[in-house]
1. Which of Leu23, Leu71, Leu205 moves most in a GNM of the chain, Cα contacts under 10 Å?
2. Assuming a viscosity of 1.567 mPa s and a temperature of 4 °C, what translational diffusion coefficient in µm² per second does Stokes-Einstein assign to the stretch 38-118, Rh being the Kirkwood radius over Cα pairs?
3. Relative to a virtual label point 7 Å from the Cα of Arg123 in the Cα→beta-carbon direction, which members of the stretch 89-109 show backbone nitrogen distances below 16 Å?
4. For Val172, which sequence-distant residues (separation of 5 or more, or a different chain) have an amide H within less than 5 Å of its own amide H, given hydrogens modelled in the peptide plane?
5. Of Asp32, Asp20, Asp154, how do they rank once you tally other Cβ atoms within 10 Å and put the fewest first?
6. Taking amide H positions as placed in the peptide plane 1.01 Å from N, state which residues far from Asp25 in sequence (5 or more) or on other chains have amide H under 5 Å from it.
7. Given (1) 29, 17, 17; (2) 32, 19, 14; (3) 26, 22, 15, which label gives semi-axes √(5λ) of the Cα gyration tensor in Å as computed from the coordinates?
8. ³J(HN,Hα) across the stretch 25-39 via Karplus (A = 6.51, B = -1.76, C = 1.60, θ = phi - 60°), whole Hz, x for Gly/Pro?
Amino acid sequence: MRAPRELWPFEAGAAIFDFDGTLADTAHIWHDVDRIFLSRRGLPFPAGYGEAIAALGFEQGARYTIDLFRLNEKVEDICDEWNAIGREMYQREVVLRDGAERYIMALRTQGIPCALATTNDVRVLSSMRNFDPSDLFDACVYGAEVAKGKNEPDIYLEAAARLSTDPTDCLVFEDILVAVRTAKGIGMRTCGVRSSDPVQRVDELRKLADLWLEEWTDIPL
């Protein structure tokens, strides 16, 4: 399927990219992390749990988990456990989706500043083999660096600020509904990206996002 023409030549002042689901197929990994974490405590994996914490980031997600299951645990301990499980899986399994790195490098070659805006942890992404986020992006903003998850605009505003670009001149690439809704709420243009997550709300996302992308290889560079 051909990508929207606005993606090449690029019709915005800057590009902001989500990581999980958008640039890498990691949905199955975080479902596994959640299941391992809950099974260690003899807890069920409730419907909607993974989707609920996907946009929150580690700390907010840990607080949500503590409240939901009434756990007598510390936020930092839960975050450390998630990180440890995630790092092992990312090191072993995660690579960028076909065409993603090529597209970002093409944008930067054309003078378009690019930022990573992810609720993931820098230690998890840095565990990947042959990939350093700071080498690919002009700026990287991680969940621990902002006060709230992607249900609030903090991470997108920080990314735009680090790129010295007005938020309304940014195009955000995202694969989850709440994130697209948040970015649009502060005047950013959005491109929904199909992920491998079977619970991705594709129909709603396609209607809400300004643009839609099936595969990074669809962009005719």
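Nothing in this text is a laboratory measurement; each read-out follows from the coordinates by a stated rule. As the structure is a prediction and not an experimental result, all values here were calculated from the model. We place every Cβ from the backbone using ideal geometry, glycine too, and count neighbours over all the protein chains shown.
1. In the Gaussian network model the winner is Leu71.
2. Details: Rh = 15.4 Å.
Answer, rounded: 84 µm²/s.
3. Once the point is set 7 Å along Cα→Cβ of Arg123, 89-91 turn out to lie under 16 Å by backbone N, inside the stretch 89-109.
4. Amide H to amide H, under 5 Å and 5 or more residues apart or across chains, Val172 pairs with Ile16, Arg189, Thr190, Cys191.
5. Details: Asp32 15, Asp20 23, Asp154 19.
Ascending Cβ contact count within 10 Å gives the list Asp32, Asp154, Asp20.
6. Amide H to amide H, under 5 Å and 5 or more residues apart or across chains, Asp25 pairs with Val95, Arg97.
7. Recomputing semi-axes √(5λ) of the Cα gyration tensor in Å here gives the entry labelled (1).
8. 7, 10, 4, 5, 5, 6, 5, 5, 4, 4, 5, 4, 4, 6, 5
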